[in-house]
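All remarks here apply to the structure that follows.
Readers should treat all values here as calculations from the given coordinates under stated rules, not as data from a laboratory. The shown structure was predicted, so the numbers you read here are calculated from the model rather than taken from an experiment. Heads up, the Cβs are rebuilt from the backbone with ideal geometry, glycines too, and the neighbour counts pull from every protein chain shown.
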Amino acid sequence: MRLNLLARPIGRRRLLLAGGAVAAVGLAPAILRPVQAAEPTHRLAPGPGRVRLVGDEYPETTVWAYDGRVPGPKIRVRQGDRLRIAVTNALAEETTVHWHGVRVPNAMDGVPHMPQPPIASGETFTYEFDAVDAGTFWYHPHMRSHEQVGRGLYGALIVEEQKPIQVDRDVTWVLGDWRLKQDASISNDFGNPMDLSHNGRVGNTVTINGQVLENFPVRAGERVRLRLINAANARIFGLRFQGHRPMIVAIDGHPVEPHEPEGGHVVLAPAMRIDLVLDMTGNPGDRTTIVDDFYRDLAYRLVDLSYGQERLREQPLDTPLTLPANPVPEPDLSGAVRQEVTLGGGMMGTMAGAIVDGQMMDMRTMVRHGMAWAINGVAAIGHGEGHNGGHVMDPIFTLQRGQTCVIAMANETAWHHPMHLHGHTFRVLSRNGRSTQFREWQDTVLLAPRERVEIAFVADNPGDWMFHCHILEHQAAGMMSTIRVV
Ligand code: C2O
Ligand code: CU
């Protein structure tokens, strides 16, 4: 399948030419339609806003948000649709929009200077791409991400299957994590050395679709497709649905053989999505707590499923849960090139130093300069993240278009890292040398401390693509790289 699509609107000159050709073959309406369709399908305006995140007893919070809402407007389209999203920057600084997990052409990927410049304050840029894969995706800036995302810039992008599975309700939960002060204002300590060198900016207030939620009303017998999106800077979620048996049907938007999570624990690292099918097996009037206990000392109640008096059906539905596959090219492992990627740095690690901007730097000096992490010994700067925003990285390796690549990652740090590859979807082949059961398609894979993970993908999308940790403080402090596909 070809992914590279013409992204530019049709210019006047081409239009006239097309018109001429049309007259000759008498197909005017069909050919003219794309011209009318060059109108944006969606508009987004990132800018400051005020929202109520916590209860009524607290003041509103000043955030940065798309269209003044947290999360931003939900974009919902059909698989195969073409999107034209006009983004008008109402922030006082540059921004971009990255369509996380969507396999877009390189120029539409929203990474500054790769190759598109960022959107200046007051300017508009129209992103244009096809929704080639169905699933649960999201959008966010790729410019000083740790602060722009951390202040509320993110939204859901849902691509519906041509034939969805049968459920009673299709629900999206965008999970956010905030570090708020007593007056519900956002703590301004973005990028502090402690967050940069430990587990990132884990906050103190978790929101579902922009609100601290007490209850989520459900009906006995109901089947809900619950699309979870982790939009937090750094918080990893580990959800337990007491007394319920969630089935995972998709990860990072892509279908997976429906299965129960190990130990009933739904683990969702930053940027990851998990689609659950949740049968409401309780009784009318029941109340069930969803607990997040990923960080052992920080377990808390996320929300309660609260059953109304009504019963929708006696027996849960027994219709199929398997989603139709997306058109992702299957890696050919026999002809694969293998690349080793080592993650290093952070506190309590063994990394003595790394190369920063071409120079070897010891860890102490790095931390003083807001750097703490490295990929293959290089702590990266640039691309609007962290330091020297205009700097453009050299790729860590180059792949020929169509080639299958296996990346063998080794996490040599004492911390978790969700590693995200742009422009492609990969299979997770193994963890610590053991094959995975489901060979999941993902775009973001969580590595536990010291873990080794192998992934494989077909490099079918030309361009320079970011490959970075999605704990945004780690990214800002050096844990990023690029991979070139020619
Ligand atoms: Cu969700 Cu490089 O990003
Ligand atoms: Cu990380």
When only Cα pairs under 8 Å and 6 or more residues apart are kept, what is the percent relative contact order across the range 333-485?
29
Between ARG311 and ASN188, what is the spin-label point distance in nm, taking each point 7 Å from the Cα along the Cα→C-beta axis?
5.8
Expressed in angstrom, Rg and Dmax over the Cα atoms of the range 55-185 are 16.0, 47
For MET371, the residues 5 or more places away or on another chain with a placed amide H closer than 5 Å to its own amide H are none
Scalar couplings 3J(HN,Hα) for the range 143-150 by Karplus 6.51 cos²θ - 1.76 cosθ + 1.60 (θ = phi - 60°), nearest whole Hz, x for Gly and Pro, are 9, 6, 4, 4, 9, 5, 5, x
What ranking do 97-108, 155-166 get when scored by the average of other Cβ atoms within 10 Å per residue, highest first?
97-108, 155-166
Return the whole-Å distance between the Cα centroid of the range 260-305 and the Cα centroid of the range 179-197.
26
For a distance above 21 Å, tell me the whole-number percent of Cα pairs in the range 380-465 that qualify.
39
nm² value of the averaged projected area, convex hull over the Cα atoms of the range 277-395:
14.7
Rounded to whole angstrom, the alpha-carbon centroid of the range 212-229 lies from that of the range 350-380 at a distance of 44
Within 10 Å, count the other beta carbons around each residue, average over each peptide in 60-73, 215-228, 141-154, and list them highest first.
141-154, 60-73, 215-228
Computed over the chain, Cα set: Rg, Dmax in Å
22.6, 73
Kirkwood Rh and Cα Rg combined as Rg/Rh, the range 108-247
1.01
Could you work out the percent of alpha carbon pairs in the range 204-276 separated by over 17 Å, rounded to a whole number?
48
Kirkwood hydrodynamic radius over Cα pairs of the range 352-415, then Stokes diffusion coefficient at 4 °C and 1.567 mPa s, in µm²/s
97
Burial order of peptide ranges 252-260, 351-359 (average beta-carbon count within 10 Å, highest first):
252-260, 351-359
Helix-only mean residue ellipticity at 222 nm for the chain, each DSSP H run of n ≥ 4 adding -39500 (n - 2.57), per residue, nearest 500:
-2000 deg cm²/dmol
Using only C-alpha positions, report the orientation-averaged shadow area of the convex hull of the range 333-485, nm², one decimal.
8.4
Compute, for the range 333-485, the length of the dipole vector about the Cα centre, with Cβ point charges of +1 (Lys, Arg) and -1 (Asp, Glu) only. Units Debye, rounded to 20.
380
